[in-house]
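These notes concern the structure reproduced below.
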Amino acid sequence: MIIMSVDLGDARTGIAASDGGENFAFPKGVIHERNKERLVAEIARYAADVSAELIVVGYPKNMDGSAGFKAKECAETAEKIRAATGLPVELWDERCTTVSAHTALNYTDTRGKKRKNVVDAVAAVMILEDFLRFRKN
């Protein structure tokens, strides 16, 4: 099954997708869109392009496990994605993924504009890798 992950952001949204065997996660791109309707349409386009069968949306939780301040907005957007694609959509804990993505990019010496353009896709990969590990166990 091909699974696509979405790391929602205010200005940029990262997209990643798995292989059909659910072993690997690959960055697919970053959507630069603030308008929610256009963003959902772009996410639906990505889902069709990769032949996704399931979409995982990062769900911001606080370190204590409670829903973060953006959680409601992410849940609402996830529901719009479900309606637009007709695919099942799951919310997945994304605690620390953006911080981890920045740390990973530090090791590759990725800086400036290039970093801004890839960090959200790297975060989407991390969300998907975590989800795939969970499914394997």
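The values are calculated or read from the model by the stated rules, or taken from the named source; none is laboratory data. As the structure is a computational prediction, the values presented were derived from the model and not from experiment. Virtual Cβ from ideal backbone geometry, glycine too; neighbours counted across all protein chains shown.
Things worth noting here:
- Candidates E90, E94: the one that is at pLDDT 95 or above and closer than 18 Å to I3 by Cα is E90.
This table checks each residue for (1) at pLDDT below 95; (2) under 20 Å from E129 (Cβ atoms); (3) outside any helix (DSSP H, G or I); (4) of a type in the set (V, I, T).
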{"site": "F26", "(1), (2), (3), (4)": "no, yes, yes, no"}
{"site": "A52", "(1), (2), (3), (4)": "no, yes, yes, no"}
{"site": "I55", "(1), (2), (3), (4)": "no, yes, yes, yes"}
{"site": "K72", "(1), (2), (3), (4)": "yes, no, no, no"}
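- Candidate set: segment 57-67, residues that are surrounded by 15 or more Cβ atoms within 10 Å (Cβ to Cβ) and modelled with pLDDT under 90; chosen: the one farthest from the chain's Cα centre (by Cα): K61
- Screening A48, A17 for residues that are under 16 Å from L87 (Cα atoms) and assigned to a strand (DSSP E or B) leaves exactly one candidate, A17.
- Candidate set from segment 34-77 (those that are without any contact (Cβ under 8 Å) to a residue 40 or more places away in the chain and in contact with a strand residue (DSSP E or B) (Cβ under 7 Å, 6 or more places away or on another chain)); member that is farthest from A121 (Cα to Cα): A67
- Number of residues in segment 1-21 that are among the charged types (D, E, K, R) and either touching a Ser or Thr at 6+ places or on another chain (Cβ under 7 Å) or within 13 Å of I127 (Cα to Cα) (or both) equals 1.
- The residue that is nearest to I2 (Cα to Cα), counting only those in segment 14-39 that are polar (S, T, N, Q) and out of contact with any Lys or Arg (no Cβ under 9 Å at 6 or more places or on another chain), is S18.
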